[in-house]
Amino acid sequence: MVNETQTRGLPKALPFGRIRRSGRPPPWADWTLGLYVAGVMAFLYLPIAVLILFSFNDNRLLSLPLKGFTWRWYEAFLANEDMLDAIGNSLYVASVATLITCVIGVPAALALDRYNFPGKAAFRRAILLPIALPGIITGISMLNMAKMMGVNLSLETVIAGHATALVSIVVTQVYARLQRFNRRLEEASADLGVGPFRTFWRVTLPNIKSAIVGSALLSFTLSFDEIPVTFFLTGRENTLPMYIYSTLRRGITPEINAVGTIIILVSLVMIVLSVLLLRGHGERR
Amino acid sequence: MSDIIEVLGVTKTFPGGVVAVDDVTLRVREGEFVTLLGPSGCGKTTTLRMIAGFETPDRGRIALAGADVTDLPPYRRPVNTVFQDYALFPNLNVADNVGYGLDVAGYSRADARRRVGEALELVGLSDKARNRPNKLSGGQRQRVALARALVREPKVLLLDEPLSALDAKLRESMQVELKHLHDQLGLTFVLVTHDQTEALVMSDRIVVMNAGRIEQEGSPGSLYDQPTSPYVANFLGASNILPGRVRDCAAGMVSVDLDGASLRAPGNSLRAGEEILICIRPERADLHGQEPAASEEVNLLECRVREHLFHGNSLRVALECGGVSFFVDVQLKEAVGKGAIPLPGEVAWVALHPANVILFPQGAAP
Amino acid sequence: MTLAGRARLRAGLVMAPPLLWVLVFLFVPYLITLAYSFYTKQFPTFVPDFQFGNYQQLIDDSQYYSVLLRTLKIASVTALLALLLAYPLAYFLVFKVRSPALRAVLYMATIVPLWVSYLLRAYTWKTILGSEGVLNSFLIWSGLSKEPSEWFLYSQFAMVITLTYIFIPFMVMPIYTALEKIPRNLVEASKDLGVGPIRSFLRVVLPLSMPGVIAGFTFTFCLSFGDFIAPFLVGGPDGAMVATIIQSQFGSALNWPLGSALSIVMLLIVLTIISLSDRLERSGRLDLQ
C-alpha cells in the first residue's frame with residue numbers, strides 16, 4: 001500500500017533506455033582535450049628549453065642545427081665584471097626590497113584582516129593596485145616624485161619602487177592565510193593569561209610563518225628579475241635585468257642564455273619552495 | 001555565599017546595529033553551575049565572551065570576585081574558557097598546550113611541569129602528553145581543552161558549547177563527567193549551550209535567553225514545570241501550545257475554552273473572553289481507549305487518533321480534538337501489548353490534571 | 001587607559017607603517033604625476049603651470065590615438081589568446097586529472113616557469129622568432145622553407161605571442177581557483193538529470209567559473225596594455241604601444257609633462273577596467289554555499 005502511493009506520482013517506466021550514458025563523454029573528446037593541453041604545455045616549456053639548450057651550443061648564432069656542446073658562454077659570463085657587479089646589485093636590491101615588503105606587508109595584511117578604520121577600502125585598493133597595474137605607472141610616478149623632491153636616482157630608489165610594486169604579493173598571501181587562521185587561538189592565548197604582544201609571537205606568527213616565507217621568496221625572485229619599475233628608477237648602477245636589457249640593444253649572444261639558464265634554475269628552486277610553503281603547510285591543519 | 005560573577009545592566013551592540021545583549025543583569029554564586037540556554041543569536045555566547053573579556057560591553061559593568069573587570073583585558077581576568085572548537089594550538093603538543101602561559105604567570109619550570117601532569121591526570125590523558133592535537137580524537141581534544149583551562153586554577157570556568165562537536169554517545173558521557181568534575185572541584189561553572197538536555201542534566205540553574213534578554217531563570221525543575229512564557233515551554237522539553245479563550249476565572253481556577261472543549265487550570269487575574277495560550281506537556285497527559293470514569297479533579301478531552309510515531313521507549317500519539325491538533329507521549333513500558341493504545345482513526349480520551357495545564361496570556365506570545 | 005583605548009593604540013601601531021608607505025609611495029607619486037601632467041615643457045626640463053595643453057596634444061595628434069587603438073587591440077587579442085590556452089588547461093587539471101597529487105604537480109609545473117624572469121622569457125621569443133633565429137633556421141634546416149622569414153619577428157604577431165607567453169599565469173591561476181571551487185556534486189547533479197557533458201559544461205561549469213575568467217582577463221589585459229619590454233624586443237616599427245611612447249617621453253623626447261599626461265590616461269583606463277571587472281565579477285558571483 002505504501003509502495004503504491006509512493007510511486008504514483010512518477011510515470012510507470014522511466015525512459016532509462018533513451019538517456020544517453022551522459023556521465024561519459026565520447027573518448028575522442030578527452031583525447032582532443034589532452035592533446036590540446038599537451039600543446040599548451042609545450043608552448044609554455046619549449047622557449048625555456050630553447051634558452052637552456054643554446055646556452056650550451058658552440059655557436060655564436062642562435063640558430064639550428066646545433067654545433068656541439070660547450071661551457072664557453074658560462075666562462076664568458078663568469079669573466080664579465082660588469083655582469084657580476086650587476087648580479088651583486090640585484091642581490092642587494094632584492095634582499096632589501098623583500099625585507100621591506102615583509103615589514104610593510106605583514107602589518108598591512110593584519111590591518112585588513114582585523115581592523116576597521118576610515119579609508120580602509122581606499123587603503124586596500126591602493127596597496128593591492130600594483131598587482132594589476134603595469135609596472136611603468138609605478139615607475140613613472142615614483143620617478144616624478146624623486147624629481148620633485150630632488151632625490152638622485154640610485155639603487156635605493158629602485159628598492160623603494162620594488163617594495164611598493166611587490167608588497168601586494170605579501171599582503172595577498174598573508175591575508176589569505178590570516179583568513180584561514182582560527183582567531184579563537186588568539187583568544188585562547190589571552191584567556192590563558194598571555195598578553196597581545198607575546199600572543200602574536202607564540203600563536204599568530206607560527207601559523208602565518210610559511211605564508212610570510214613563501215611570499216618573501218616569491219617577491220625576492222620577482223624583484224631580482226624586475227625591469228619595468230627599475231628602468232625608470234635606477235641611477236648609474238645597473239641591476240642584472242637592466243644590464244641584460246642594455247646588452248640586448250647591441251644584439252643577442254649565447255652569454256645571455258648562460259646567465260638566463262642560471263637565473264631560471266635558481267628561480268625555479270625558489271618558486272617551487274615558495275609555492276610549497278604557500279599551499280601545502282596551511283592545509284595540513 | 002557571595003556572588004562571584006556580577007553582570008550588571010550590560011548591553012552590547014555589534015557593528016551594523018545588531019543588539020546582541022540587551023540590558024542583561026546576571027549574578028552567579030560561588031560554586032554554582034549556571035547554564036545560559038537559548039538558540040543561536042540569543043546573546044548567550046556574547047554574554048559569556050564579555051565575562052571572559054573577548055568583547056567589551058557598550059554599557060553596564062562586569063565584576064569578578066568583587067572586583068570590577070570591565071576594563072581588564074582577557075589575560076588579566078581570573079577566568080578560563082573551554083572553547084567550542086577547543087582552540088588547541090596546532091603547533092604545540094598536549095603538554096605544551098596545557099602548560100601554555102604558565103611561564104607568563106610566574107610558575108617555575110618544575111612547578112609548571114608538575115601542574116601540567118596533575119591536570120592531565122585529572123582528565124585521564126597522562127599518556128598523551130607528547131601527542132599533537134591533530135592526533136587526538138574529539139573527546140580527547142575536549143579533555144585537553146579542559147585541562148588547559150583548569151591548570152591555572154581559575155575562579156570561574158567558562159564553557160562555550162563545549163560538547164557540540166562530539167557525537168551523541170560521547171556527549172552524554174561527557175555531560176556526566178563535567179557534572180562530576182564540577183562537584184569534585186567546587187568551582188563555579190558557566191556553560192553556554194543550545195542543547196536543552198545538556199542544560200537540564202548538568203545545571204544548578206538555567207538562564208534562558210531570547211533576543212539578547214533573559215527570558216526566565218531558575219532551577220531545571222522549576223523551569224520545566226513552571227515556564228512563564230511559551231518560549232521557555234517550547235525550548236525546554238516538548239510542548240503543545242494551543243490557542244484558547246478564558247470562560248471564567250474564580251478562586252485561583254480558570255476555565256478555558258479549547259475549540260469547544262473545556263479545560264480547567266490554575267490561574268489568577270484573567271478576564272473572561274481573553275485570548276490565551278494553553279501549554280500541555282505531552283508526557284503529563286494520560287491516554288485512554290475507553291472513556292474513564294468522570295472526575296471533578298481531572299480534565300477529560302474526547303479526541304480522535306490521527307497517527308502513531310514510534311520513539312523507541314515511548315509512543316507519540318497525534319490527536320485531533322475538535323479543530324485542534326496536539327500530541328501525547330505514552331511510555332511503552334506498561335502499555336505495549338495490552339492493546340490499550342487506541343489505533344489511528346479510533347476515538348480516545350485524554351485525561352489531564354489541571355496542575356499540568358499551563359496558561360499564558362496572549363501578550364506573552366513567542 | 002580603557003580596554004578599547006589600548007586596543008586602538010595597538011591597532012594604530014600596526015597600521016602606521018603600511019598606511020604611511022601607501023601614502024608616501026603610492027598616493028603622493030600619483031598626485032605628483034597628475035600635477036606634472038598640467039606643467040609646461042621648457043627644454044630641457046619643464047616649469048610649473050596649470051594648463052591642458054598636454055592633454056590637448058594627445059587629442060589633436062592622431063598618432064597618439066592610433067597607438068592607443070593598437071595597444072587596446074594587442075592587449076585584447078593577447079587576453080583572448082591567453083584565455084583560449086589557459087581555460088582548457090585549467091579545466092583539464094581540475095576535472096580530468098584524478099589524482100590530487102598529480103594535479104598539484106601539474107598545476108605547479110604550469111605556474112612555476114611562468115614566474116620565472118619576465119625579461120628572459122620575452123628574450124627567448126626574440127631568439128626564437130628572429131630572421132637568423134631558432135624557428136627560421138629550423139624551417140630551413142628541415143627543408144620546410146627556403147628563405148628566412150622576416151615576418152615572425154618585429155610584428156604584432158610576435159608581440160601577441162610574447163605577451164601571451166609572459167602573462168598567461170595571470171589567466172591560469174584565477175580560472176583554476178574558480179574551477180576548483182565548483183562543488184563536484186553540481187556537475188554530477190547536472191549529468192544525473194540527463195544533461196550531456198557539453199551542455200553541463202555550458203550551463204553549470206562555465207557560468208560558475210566566470211569570476212575567474214573575468215579576473216584573469218582583467219589581469220592579462222591590463223598588464224599587456226602597459227608593457228614596453230615586448231614592443232622593445234619583438235615589436236619593431238609598427239609595434240609601438242602606449243607604454244613605449246611614455247617611455248620615450250621620459251627618455252629621448254624629454255617631455256615629462258606629456259609623458260605624465262599619457263601615464264594618467266593609462267592609469268585611468270586601467271582603473272576603469274579594474275572597477276568594471278570588479279563590478280562584473282561581483283554581480284556574476286553566486287554563493288556556492
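Take the residues in the stretch B:51-64 that are assigned to a loop (DSSP other than H, G, I, E, B) and more than 8 Å from chain A (Cβ to nearest Cβ); name whichever of them is surrounded by the fewest Cβ atoms within 10 Å (Cβ to Cβ).
B:Asp58
So C:Ser62 fits all but one of (1) surrounded by fewer than 16 Cβ atoms within 10 Å (Cβ to Cβ); (2) hydroxyl-bearing (Ser, Thr, Tyr); (3) within 30 Å of C:Glu180 (Cβ to Cβ); what number is the exception?
(3)
I want to confirm something. Restricting to the stretch B:65-104 and keeping residues that are of a type in the set (Gly, Ala, Ser) and more than 8 Å from chain A (Cβ to nearest Cβ), which single residue is nearest to C:Arg8 (Cα to Cα)? Talk me through it step by step, then tell me what you get.
Filtering the stretch B:65-104 down to residues of a type in the set (Gly, Ala, Ser) leaves B:65-67, B:87, B:95, B:99, B:101.
Imposing the further condition that a residue be more than 8 Å from chain A (Cβ to nearest Cβ) reduces the set to B:65-67, B:95, B:99.
On the way: B:Ala65: 28, B:Gly66: 28, B:Ala67: 24, B:Ala95: 34, B:Gly99: 30 Å.
Filtering first and then ranking leaves B:Ala67.
Could you please tell me which pairs satisfy a Cβ distance under 8 Å, a separation of 6+ or placement on different chains, a first residue in the stretch C:36-50 that is surrounded by 20 or more Cβ atoms within 10 Å (Cβ to Cβ), and a second residue that is assigned to a strand (DSSP E or B)?
Every condition considered, the pairs that remain are C:Tyr36/C:Phe46; C:Tyr39/C:Phe46; C:Tyr39/C:Val47.
One residue is enough: does the stretch A:147-156 have a residue meeting the conditions outside any helix (DSSP H, G or I), hydroxyl-bearing (Ser, Thr, Tyr), surrounded by fewer than 21 Cβ atoms within 10 Å (Cβ to Cβ) and more than 9 Å from chain C (Cβ to nearest Cβ)?
Taking every residue of the stretch A:147-156 in turn, at least one turns out to be outside any helix (DSSP H, G or I), hydroxyl-bearing (Ser, Thr, Tyr), surrounded by fewer than 21 Cβ atoms within 10 Å (Cβ to Cβ) and more than 9 Å from chain C (Cβ to nearest Cβ).
Quick one: A:Leu99 ticks every box in (1) free of Cβ contacts under 8 Å to residues at least 12 places away in the same chain; (2) within 11 Å of another protein chain (Cβ to nearest Cβ); (3) over 26 Å from C:Thr33 (Cβ atoms); (4) not hydroxyl-bearing (Ser, Thr, Tyr) bar one, so which box is it?
Just one mismatch for A:Leu99, condition (2).
Among the residues of the stretch B:303-343, how many are among the charged types (D, E, K, R) and under 19 Å from B:Ala355 (Cα atoms)? Reasoning before the result, please.
Taking the stretch B:303-343 first, the residues among the charged types (D, E, K, R) are B:304, B:306-307, B:316, B:320, B:329, B:333-334, B:338.
From the residues that got through so far, the ones that are under 19 Å from B:Ala355 (Cα atoms) too are B:329.
Going through the stretch B:303-343 one residue at a time, the tally reaches 1.
Exactly one condition in (1) under 30 Å from the mean Cα position of the chain (by Cα); (2) surrounded by fewer than 17 Cβ atoms within 10 Å (Cβ to Cβ); (3) under 22 Å from A:Val203 (Cα atoms) is not met by B:Pro90; state its number.
Failing condition for B:Pro90: (1).
Which one of these is away from chain A (no Cβ under 11 Å), under 30 Å from B:Gly221 (Cα atoms), touching a residue at least 60 places away in the same chain (Cβ under 8 Å) and outside any strand (DSSP E or B): B:Leu26, B:Leu48?
The unique qualifying residue is B:Leu48.
Name, by its number, the condition in (1) at pLDDT 90 or above; (2) more than 30 Å from B:Leu8 (Cα to Cα) that does not hold for B:Pro266.
(1)
I'd like to check something: does the stretch A:173-191 contain any residue that is without any contact (Cβ under 8 Å) to a residue 60 or more places away in the chain, assigned to a helix (DSSP H, G or I) and under 28 Å from A:Leu265 (Cβ atoms)?
Checking the stretch A:173-191: not a single residue is without any contact (Cβ under 8 Å) to a residue 60 or more places away in the chain, assigned to a helix (DSSP H, G or I) and under 28 Å from A:Leu265 (Cβ atoms).
Only one of A:Gly260, A:Gly214, A:Gly235 is within 10 Å of chain C (Cβ to nearest Cβ) and on the phi < 0 side of the Ramachandran plot. Can you tell me which?
Numbers: A:Gly214 fails: within 10 Å of chain C (Cβ to nearest Cβ); A:Gly235 fails: within 10 Å of chain C (Cβ to nearest Cβ).
Going through A:Gly260, A:Gly214, A:Gly235 in turn, the sole match is A:Gly260.
Output the residue which, of all residues in the stretch C:86-109 that are within 7 Å of chain A (Cβ to nearest Cβ) and within 18 Å of C:Ile168 (Cα to Cα), is surrounded by the fewest Cβ atoms within 10 Å (Cβ to Cβ).
First, pick out the residues of the stretch C:86-109 that are within 7 Å of chain A (Cβ to nearest Cβ): C:88-89, C:92, C:96, C:108.
Going one step further and asking which of them are within 18 Å of C:Ile168 (Cα to Cα), we end up with C:88-89, C:92, C:108.
Working: C:Pro88: 19, C:Leu89: 27, C:Phe92: 21, C:Met108: 15.
Checking each candidate, the answer is C:Met108.
Return a yes/no flag: does the stretch A:110-120 have any residue that is in a helix (DSSP H, G or I) and either in contact with a strand residue (DSSP E or B) (Cβ under 9 Å, 6 or more places away or on another chain) or over 28 Å from A:Arg184 (Cβ atoms) (or both).
There is no residue in the stretch A:110-120 that is in a helix (DSSP H, G or I) and either in contact with a strand residue (DSSP E or B) (Cβ under 9 Å, 6 or more places away or on another chain) or over 28 Å from A:Arg184 (Cβ atoms) (or both).
Just need a number here: residues in the stretch A:238-257 that are at the interface with chain C (Cβ under 10 Å from one of its Cβ atoms) and charged (D, E, K, R).
1
Quick one: which helices (runs of 4 or more DSSP H) sit completely within the stretch B:99-206 and have at least 2 residues that are free of Cβ contacts under 8 Å to residues at least 40 places away in the same chain and under 17 Å from A:Leu192 (Cβ atoms)?
Where helices (runs of 4 or more DSSP H) fall fully within the stretch B:99-206 and carry at least 2 residues being free of Cβ contacts under 8 Å to residues at least 40 places away in the same chain and under 17 Å from A:Leu192 (Cβ atoms), they are B:109-122.
Would you pick out the residues in the stretch B:65-86 that are assigned to a loop (DSSP other than H, G, I, E, B) and in contact with an Asp or Glu (Cβ under 7 Å, 6 or more places away or on another chain)?
Selection gives B:Phe83, B:Gln84.
Would you be able to tell me the number of residues in the stretch C:15-59 that are aromatic (Phe, Trp, Tyr) and in contact with a Pro (Cβ under 9 Å, 6 or more places away or on another chain)?
Qualifying residue count, the stretch C:15-59: 4.
Select the helices (runs of 4 or more DSSP H) contained entirely in the stretch C:1-85, then report the ones holding at least 2 residues which are within 14 Å of another protein chain (Cβ to nearest Cβ) and within 30 Å of C:Pro237 (Cβ to Cβ).
C:28-36
Take the residues in the stretch C:210-250 that are crowded, with 22+ Cβ neighbours inside 10 Å and outside any helix (DSSP H, G or I); name whichever of them is nearest to the other protein chains (Cβ to nearest Cβ).
C:Gly226
Of the conditions (1) within 13 Å of chain A (Cβ to nearest Cβ); (2) surrounded by fewer than 16 Cβ atoms within 10 Å (Cβ to Cβ), C:Pro207 satisfies every one except a single condition; which number is it?
(1)
Within the stretch A:109-125, does at least one residue satisfy the condition of being farther than 26 Å from C:Ala261 by Cα, within 8 Å of chain C (Cβ to nearest Cβ), among the aliphatic types (A, V, I, L, M) and out of contact with any Pro (no Cβ under 6 Å at 6 or more places or on another chain)?
Yes, some residue in the stretch A:109-125 is farther than 26 Å from C:Ala261 by Cα, within 8 Å of chain C (Cβ to nearest Cβ), among the aliphatic types (A, V, I, L, M) and out of contact with any Pro (no Cβ under 6 Å at 6 or more places or on another chain).
The values are calculated or read from the model by the stated rules, or taken from the named source; none is laboratory data. No experiment lies behind these values; they were computed from the predicted model shown. Cβ atoms come from the backbone with ideal geometry, glycine included; neighbour counts cover every protein chain shown.
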